[in-house]
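Please read the structure below before turning to the comments.
The values are calculated or read from the model by the stated rules, or taken from the named source; none is laboratory data. Keep in mind the model is a prediction, meaning the values are calculated, not measured. Please note: Cβ atoms are built from the backbone with ideal geometry, for glycine as well, and neighbour counts cover all protein chains shown.
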Amino acid sequence: MKAFAQLYAALDETTKTNGKVAALRSYLAAASPADAAWAVHFLIGRRPKRLLESRKLVQWAIEETGLPEWLFAECHHAVGDFAEVVALLLPPAADPAGTSLPLHFWVEQRLLQLRDADDETRRAWLLSAWREMNEAQRFAWNKLITGEFRVGVSQSLVVRALAEVSGVSGEMISHRLMGEWQPTPDFWTQLVAPNPTAETQAGDAMPPVSQPYPFFLAYPIEGDVEELGQIEDWQIEWKWDGIRAQLLRRQGSTFLWSRGEELMTGRFPELDALAELLPEGTVIDGEVLPWKDGAPLPFAQMQRRIGRKVLSARILADVPVVLMGYDLLEVEGADVRERPIEWRRAALERIAPAGSALVLSPLVEAESWDGLKQLRQQSRDRKVEGFMLKRRGSPYRVGRRRGDWWKWKIQPYSVDAVLIYAQPGSGRRASLFTDYTFGVWDSGKLVPFAKAYSGLTDDEIREVDAFVRKNTIDQFGPVHAVKPELVFELAFEGIQLSPRHRSGIAVRFPRMARWRQDKKAEEADTIETVKALLKTKVGD
Amino acid sequence: MPLLELRESGLYCAAGDFYVDPWAPVSRAVITHAHKEHAVAGCSAYLTAISGEALLRDLIGADLSVQPVPYGETLTLGSARVSLHPAGHILGSAQVRIEDQGEVWVVSGDYKLDPDPTCAPFEPVRCHTFLTEATFGLPIFRWPENTIEAINGWWRSNQEAGKTSLLFVHEAGMAQRLLAQIDAANGPIHAYDAVERITTIYRRQGVAMPPALALAEPERTLILAALSQHGSPWARSFSNASTAMVSGWMRIRGPRRRRSLDRGFVLSDHADWPALLRAIDQTGAERVYVTHGFRAPLVHWLQEHGKDAAAWSAPFEEAEA
């Protein structure tokens with residue numbers, strides 16, 4: 001636990017990528033396989049679920065700090081992070097060196113056992129952990145218990161460190177980290193085992209049958225699309241607004257993985273039925289889309305389905321889904337990602353079962369970039385987000401890479417709205433007002449219309465924070481109502497009528513496009529203008 | 001009869017016709033210490049501790065009309081008897097004791113109880129009413145004991161990596177406290193700009209500190225720079241530097257991380273939570289007013305512990321530093 005807490009502190013202390021990778025490398029190189037496996041598990045964002053009710057954790061923490069509940073709450077509010085505030089408030093450690101028991105002991109013998117232990121045991125274990133640990137260890141430990149183990153390390157940095165420690169390629173490490181695995185010493189040994197050679201490839205280091213491939217992710221086009229060169233060099237498809245997914249059919253089993261590596265098998269009966277029609281050893285990359293009468297339904301319809309445990313016949317009929325397939329990664333059990341995109345596409349067309357829930361993403365034909373720009377105007381009508389441009393002849397790569405796949409999205413909607421409420425953020429934004437609610441005018445009053453957290457620079461955030469502190473007119477818990485003065489241009493992707501929202505409108509992915517310091521609150525948009533967007537056909 | 005009241009320009013003492021740390025120009029100002037949130041320009045007359053006079057002139061103007069007062073000497077202003085007592089915050093920082101008709105009030109200004117070789121230690125003053133700051137008035141603020149060693153260690157490891165150590169600190173007080181305590185045998189220390197200027201003022205008052213040197217070997221040097229230099233073009237010109245800040249706020253991860261610093265060291269010229277409670281207790285005051293910082297929690301705590309306490313609010317809050 002000592003080395004792990006030091007790793008956490010080291011990652012937390014540096015903002016530089018090289019420093020983080022160096023810290024990861026030196027931890028992983030020195031750790032036992034049992035500790036290293038757990039560290040990787042947590043660092044890439046996996047976490048044990050439902051260990052204990054947070055209410056109990058809070059109660060025991062407060063008891064141990066010896067503070068009244070109200071004062072603990074004040075401190076929590078100022079710090080913005082439960083794991084941290086507990087580490088700061090617990091009585092000083094008896095031994096400043098802390099515990100010398102290893103990470104895997106604390107995880108396997110304590111953390112995971114919490115789930116099935118009775119409350120008395122849980123409480124005793126938590127108190128003994130806190131009492132044996134020093135402040136840095138308590139913080140890392142609390143992060144593990146609360147499952148909010150974010151330390152500003154992306155998966156790609158962990159992959160880089162693993163690749164440097166093991167000498168295995170980053171692509172191979174990414175692949176080995178996909179899907180379901182248990183953080184055991186054996187897993188660690190396989191993770192850092194040398195790249196398979198032709199002889200060992202079919203041998204004992206077979207990946208689990210459920211393991212998906214790392215997704216290839218596109219970069220947005222920033223300049224003019226014509227900078228990509230000849231249009232003939234590009235395979236063009238619409239950009240669908242669904243859930244990116246890989247459908248696996250191996251050894252008679254089906255697995256559906258989301259891009260966030262969430263296993264979604266069983267959530268879409270249509271796709272389970274589709275998978276049974278696929279040949280053995282097939283992996284398709286595509287988009288789960290609500291689809292009816294040959295066209296997508298609004299994504300909000302899909303959200304009606306996602307939350308439900310039991311899918312009624314009615315909802316299955318109202319919001320059927322398809323897999324909008326656009327790539328094929330495995331054929332007859334063989335990894336075909338290195339084959340050119342045309343080859344993969346042709347193979348996908350060959351295996352697509354007729355009349356199934358697999359729809360092939362149509363290839364868009366355009367003679368010229370101008371022609372394509374014209375066509376792009378239809379995006380909103382077609383309920384797509386623009387185009388995907390994929391370089392002909394290119395392989396299927398790992399992760400977000402510049403060069404072969406580009407997304408060319410349509411301009412978002414935008415509205416000028418007034419800041420009306422603010423509340424402090426969490427994590428690195430704790431104790432700063434960073435989470436805002438915006439209003440638009442409705443018969444002379446500002447009605448809340450969207451919440452947004454992102455889009456401002458750190459300097460702008462500090463300025464808004466200072467404004468909020470000086471101009472709070474009312475307070476409800478952490479939420480401050482402010483003098484309606486600041487105007488921001490909000491950008492968002494979709495807009496829908498919604499009886500559940502006070503403005504009658506729901507928007508998708510709202511964020512601050514810029515601070516309109518040139519505008520007064522009175523000049524912000526009205527709800528009528530916003531509602532008019534429901535009907536707009538501007539694609540660009 | 002209250003000895004102080006909150007007026008538009010600040011804390012006013014009617015018995016002596018003066019303000020303590022006013023925030024707008026007034027005719028007579030008693031200044032607890034020469035930090036800009038406490039010392040406004042434009043008053044007709046100032047009164048401050050002798051050891052703080054030069055700092056005050058440096059902060060708001062050489063031609064001020066200042067009456068310097070030794071700690072502990074009693075002046076008569078109107079019907080009030082007024083004296084200044086060390087607050088331990090920075091050189092020349094003072095608590096203001098006001099007595100009229102047997103009633104004693106003390107305004108703490110900013111203070112700390114921790115030892116500091118560059119200024120006189122905090123002196124508890126018995127009073128009926130105590131006006132305290134609460135910049136760090138929450139129990140999460142507990143100052144660790146080994147910060148100076150941690151800074152020495154950071155400096156040494158930067159030297160091994162061939163990096164400049166760029167340390168952002170409050171230029172008046174913290175910079176000199178560090179200069180006096182950091183292990184100068186480690187290598188050269190450079191005081192940049194405002195830090196250099198104020199360090200010179202400290203030296204003239206007889207405060208012993210190792211010399212600050214011209215910047216000759218950046219990769220071995222510890223540079224002390226003002227907080228306001230963080231992110232400045234000057235600071236960014238050090239491409240191979242490790243950056244750190246010293247402040248009580250560094251106790252919390254959020255403020256530490258959003259500044260994109262390599263390190264945050266927890267050390268403050270303000271009292272932490274245990275010290276606030278100890279200082280309040282030592283005054284013996286039955287009434288406590290909390291003037292800035294985390295006012296509400298401290299007031300609530302004091303009330304729960306049998307004190308008559310209330311928050312007095314300034315029109316502004318100090319910037320986070």
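Is at least one residue of segment B:75-86 crowded, with 24+ Cβ neighbours inside 10 Å, closer than 27 Å to B:Thr199 by Cα and not assigned by TED's automatic domain parsing to the domain that holds B:Thr199? Within segment B:75-86 (the criterion being crowded, with 24+ Cβ neighbours inside 10 Å, closer than 27 Å to B:Thr199 by Cα and not assigned by TED's automatic domain parsing to the domain that holds B:Thr199), the answer is yes, since at least one residue qualifies.
Checking segment A:25-42 against the condition returns a match, with at least one residue being within 14 Å of another protein chain (Cβ to nearest Cβ) and among the hydroxyl-bearing types (Ser, Thr, Tyr). Does any residue of segment A:12-22 turn out to be assigned to a helix (DSSP H, G or I), within 26 Å of the chain's Cα centre (by Cα), within 14 Å of another protein chain (Cβ to nearest Cβ) and farther than 25 Å from B:Val266 by Cβ? Yes, that holds for at least one residue.
No other residue among A:Glu227, A:Glu237, A:Glu222, A:Glu232 is among the charged types (D, E, K, R), within 21 Å of A:Leu375 (Cβ to Cβ) and in a strand (DSSP E or B) apart from A:Glu237. For B:Thr135, the stated conditions hold: it is within 30 Å of B:Ala311 (Cα to Cα) and not basic (Lys, Arg). A:Val319 meets all of the listed conditions (1) closer than 26 Å to A:Ile410 by Cβ; (2) hydrophobic (A, V, I, L, M, F, W, C); (3) in contact with a Ser or Thr (Cβ under 7 Å, 6 or more places away or on another chain); (4) free of Cβ contacts under 8 Å to residues at least 60 places away in the same chain but one, namely (3).
Let's see how each residue does on (1) within 23 Å of the chain's Cα centre (by Cα); (2) assigned to a loop (DSSP other than H, G, I, E, B); (3) surrounded by 17 or more Cβ atoms within 10 Å (Cβ to Cβ); (4) of a type in the set (Ser, Thr, Tyr):
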site	(1), (2), (3), (4)
A:Ser379	no, yes, yes, yes
A:Val384	yes, yes, yes, no
A:Met388	yes, no, yes, no
A:Tyr396	yes, yes, yes, yes
A:Trp406	yes, no, yes, no
A:Val415	no, no, yes, no
A:Leu419	no, no, yes, no
A:Ala422	no, no, yes, no
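If only residues of segment A:87-107 that are at the interface with chain B (Cβ under 10 Å from one of its Cβ atoms) and crowded, with 20+ Cβ neighbours inside 10 Å are counted, the one that is farthest from the chain's Cα centre (by Cα) is A:Leu89. A:Gln246 falls short on exactly one of the conditions (1) within 19 Å of the chain's Cα centre (by Cα); (2) more than 21 Å from A:Tyr326 (Cβ to Cβ), and that condition is (2). Within segment B:280-297, the set of residues being away from chain A (no Cβ under 14 Å) and touching a residue at least 12 places away in the same chain (Cβ under 8 Å) comprises B:Ile280, B:Gln282, B:Thr283, B:Gly284, B:Ala285, B:Glu286, B:Arg287, B:Val288, B:Tyr289, B:Thr291. For B:Trp143, the conditions (1) of a type in the set (Phe, Trp, Tyr); (2) more than 27 Å from A:Val86 (Cβ to Cβ); (3) assigned to a loop (DSSP other than H, G, I, E, B) are fulfilled apart from (2). Buried (at least 18 other Cβ atoms within 10 Å of the Cβ), within 11 Å of chain B (Cβ to nearest Cβ), over 16 Å from A:Ser54 (Cα atoms) and modelled with pLDDT of 90 or more, is that true of A:Glu74? So A:Glu74 passes the test. Scanning segment A:202-244 for residues that are closer than 30 Å to A:Ile173 by Cα and touching a helix residue (DSSP H, G or I) at 6+ places or on another chain (Cβ under 8 Å) returns A:Ala205, A:Pro207, A:Gln211, A:Tyr213, A:Pro214, A:Ile221, A:Trp234, A:Gln235, A:Asp241, A:Gly242, A:Ile243. Scanning segment A:457-504 for residues that are among the polar types (S, T, N, Q) and within 14 Å of chain B (Cβ to nearest Cβ) gives A:Thr457, A:Asn471, A:Thr472, A:Gln475. For segment A:123-141, does any single residue satisfy the condition of being hydrophobic (A, V, I, L, M, F, W, C), within 11 Å of another protein chain (Cβ to nearest Cβ) and outside any helix (DSSP H, G or I)? No, segment A:123-141 contains no residue that is hydrophobic (A, V, I, L, M, F, W, C), within 11 Å of another protein chain (Cβ to nearest Cβ) and outside any helix (DSSP H, G or I). Within segment A:277-326, the set of residues being part of a loop (DSSP other than H, G, I, E, B), of a type in the set (A, V, I, L, M, F, W, C) and over 23 Å from A:Glu349 (Cβ atoms) comprises A:Leu297, A:Val310, A:Leu311, A:Val319. Taken together, B:Ala275, B:Ala216, B:Ala226, B:Ala271 contain a single residue that is more than 16 Å from B:Gly137 (Cβ to Cβ), more than 13 Å from chain A (Cβ to nearest Cβ) and out of contact with any Pro (no Cβ under 8 Å at 6 or more places or on another chain), which is B:Ala226.
Please verify whether segment B:251-265 includes one or more residues that are touching a strand residue (DSSP E or B) at 6+ places or on another chain (Cβ under 8 Å) and away from chain A (no Cβ under 14 Å). No, every residue in segment B:251-265 fails to be touching a strand residue (DSSP E or B) at 6+ places or on another chain (Cβ under 8 Å) and away from chain A (no Cβ under 14 Å). Annotation note: of A:Ser503, A:Ser454, the sole residue that is exposed (fewer than 15 other Cβ atoms within 10 Å of the Cβ), part of a loop (DSSP other than H, G, I, E, B) and not assigned by TED's automatic domain parsing to the domain that holds A:Leu372 is A:Ser454.
Condition check ((1) modelled with pLDDT under 95; (2) in contact with a strand residue (DSSP E or B) (Cβ under 7 Å, 6 or more places away or on another chain); (3) within 29 Å of B:Ala310 (Cα to Cα)) across all residues:
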{"site": "B:Val207", "(1), (2), (3)": "no, no, no"}
{"site": "B:Ser232", "(1), (2), (3)": "yes, no, no"}
{"site": "B:Ser239", "(1), (2), (3)": "yes, no, no"}
{"site": "B:Leu267", "(1), (2), (3)": "no, yes, yes"}
{"site": "B:Trp273", "(1), (2), (3)": "no, no, yes"}
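Scoring B:Thr199 on the criteria (1) out of contact with any Lys or Arg (no Cβ under 8 Å at 6 or more places or on another chain); (2) within 30 Å of A:Ala93 (Cβ to Cβ); (3) more than 14 Å from chain A (Cβ to nearest Cβ) leaves a single failure, condition (2). Contact annotation: residue pairs with Cβ atoms under 7 Å, 6 or more positions apart or on different chains, pairing a residue in segment A:19-33 that is without any contact (Cβ under 8 Å) to a residue 24 or more places away in the chain with a partner that is crowded, with 16+ Cβ neighbours inside 10 Å, are A:Ala23/A:Leu7; A:Ala23/A:Ala10; A:Ala23/A:Leu11.
Hey, among A:Arg110, A:Arg115, A:Arg131, A:Arg150, which residue is buried (at least 19 other Cβ atoms within 10 Å of the Cβ) and of a type in the set (Lys, Arg)?
Working: A:Arg115 fails: buried (at least 19 other Cβ atoms within 10 Å of the Cβ); A:Arg131 fails: buried (at least 19 other Cβ atoms within 10 Å of the Cβ); A:Arg150 fails: buried (at least 19 other Cβ atoms within 10 Å of the Cβ).
Among A:Arg110, A:Arg115, A:Arg131, A:Arg150, only A:Arg110 is buried (at least 19 other Cβ atoms within 10 Å of the Cβ) and of a type in the set (Lys, Arg).
Looking at A:Ser431, A:Ser426, which one is within 19 Å of the chain's Cα centre (by Cα), over 21 Å from A:Glu528 (Cα atoms) and either at pLDDT 90 or above or of a type in the set (S, T, N, Q) (or both)? Selected residue: A:Ser426, the only one of A:Ser431, A:Ser426 that is within 19 Å of the chain's Cα centre (by Cα), over 21 Å from A:Glu528 (Cα atoms) and either at pLDDT 90 or above or of a type in the set (S, T, N, Q) (or both).
Being part of a strand (DSSP E or B) and either touching a strand residue (DSSP E or B) at 6+ places or on another chain (Cβ under 6 Å) or basic (Lys, Arg) (or both) is the filter here; which residues of segment A:425-446 pass it?
Once the filter is applied, which keeps residues that are part of a strand (DSSP E or B) and either touching a strand residue (DSSP E or B) at 6+ places or on another chain (Cβ under 6 Å) or basic (Lys, Arg) (or both), segment A:425-446 yields A:Phe433, A:Asp435, A:Tyr436, A:Thr437, A:Phe438, A:Gly439, A:Val440, A:Trp441, A:Lys445, A:Leu446.
Figure legend. Inter-residue proximity from segment A:57-82: first residues part of a helix (DSSP H, G or I), second residues among the acidic types (Asp, Glu) and at pLDDT below 90, beta-carbon distance below 8 Å, spacing 6+ or different chains. Indicated pairs: A:Phe82/A:Glu148.
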